[in-house]
1. Given the options 136, 167, 194, name the one that is surrounded by fewer than 17 Cβ atoms within 10 Å (Cβ to Cβ) and under 26 Å from residue 29 (Cα atoms).
2. Using the structure shown, decide if residue 113 is out of contact with any strand residue (DSSP E or B) (no Cβ under 7 Å at 6 or more places or on another chain) and crowded, with 17+ Cβ neighbours inside 10 Å.
3. Of all residues in region 56-90, count the ones that are modelled with pLDDT under 90 and either over 27 Å from residue 199 (Cα atoms) or assigned to a loop (DSSP other than H, G, I, E, B) (or both).
4. One residue is enough: does region 81-88 have a residue meeting the conditions closer than 26 Å to residue 37 by Cβ and touching a strand residue (DSSP E or B) at 6+ places or on another chain (Cβ under 8 Å)?
5. Quick check on my filter: what residues within region 89-110 are surrounded by fewer than 21 Cβ atoms within 10 Å (Cβ to Cβ), touching a residue at least 40 places away in the same chain (Cβ under 8 Å) and closer than 15 Å to residue 36 by Cβ?
6. Residue check: is residue 52 assigned to a loop (DSSP other than H, G, I, E, B), modelled with pLDDT of 90 or more and crowded, with 16+ Cβ neighbours inside 10 Å?
7. Residue 151 - would you say it is modelled with pLDDT under 90, surrounded by 15 or more Cβ atoms within 10 Å (Cβ to Cβ) and part of a loop (DSSP other than H, G, I, E, B)?
């Protein structure tokens, strides 16, 4: 996959967020690359397939994640371009999205700016690393399941998502993901996480 240029050569962001900015950028690129590679495999007949996300189709899910990746940049940088469609040329669209998100992460004037909204004074870097990170990881699992794949989440991402969930609190989790479902008695950490986010993971 010809990934969008890694953005770690840009200026480092300010000290407002404790995670190193190289770490944030690399984590974002890894997660968004994973989502992009899977989106790129969706067949022409697959865009209207159902997903684990209620009545969302694969098209709806991909469009939602694209919007969540870019909507926050528009709140701190009015020059940000519109979200490209991921259903025409999905790989090119995601490369464009990656470039814009990384541009924000590597610009101290953007990365350290509080975004506002439901998450209070979280900065752009925090929003991308945590809130958007949850979107990328969980909805990649949704997308993989919609395509009939066995979907495993990196254990480091499972741990990072649990940390984010603890930070945002129960009310915000339910606002974004709806009610939890019971986890199997023998559930591993991934299955427990997904159950908390309203998804059944049967290990397939």
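1. 167
2. No: the conditions fail for residue 113.
3. Of the residues in region 56-90, 17 are modelled with pLDDT under 90 and either over 27 Å from residue 199 (Cα atoms) or assigned to a loop (DSSP other than H, G, I, E, B) (or both).
4. No, region 81-88 contains no residue that is closer than 26 Å to residue 37 by Cβ and touching a strand residue (DSSP E or B) at 6+ places or on another chain (Cβ under 8 Å).
5. Within region 89-110, 91, 95, 96, 99 meet the criteria.
6. For residue 52, the condition - assigned to a loop (DSSP other than H, G, I, E, B), modelled with pLDDT of 90 or more and crowded, with 16+ Cβ neighbours inside 10 Å - is met.
7. yes
For (1) in a loop (DSSP other than H, G, I, E, B); (2) in contact with a strand residue (DSSP E or B) (Cβ under 6 Å, 6 or more places away or on another chain); (3) farther than 28 Å from residue 148 by Cβ, each residue gets a yes or a no:
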{"residue": "165", "(1), (2), (3)": "no, no, no"}
{"residue": "172", "(1), (2), (3)": "no, no, yes"}
{"residue": "175", "(1), (2), (3)": "no, no, yes"}
{"residue": "182", "(1), (2), (3)": "yes, no, no"}
{"residue": "185", "(1), (2), (3)": "yes, no, no"}
{"residue": "192", "(1), (2), (3)": "no, no, no"}
{"residue": "195", "(1), (2), (3)": "no, no, no"}
{"residue": "200", "(1), (2), (3)": "yes, no, no"}
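The values are calculated or read from the model by the stated rules, or taken from the named source; none is laboratory data. The model shown is predicted, which means the values in this text are computed figures rather than measured ones. Positions of Cβ are generated from backbone atoms using ideal geometry, with glycine treated the same way; all protein chains shown enter the neighbour counts.
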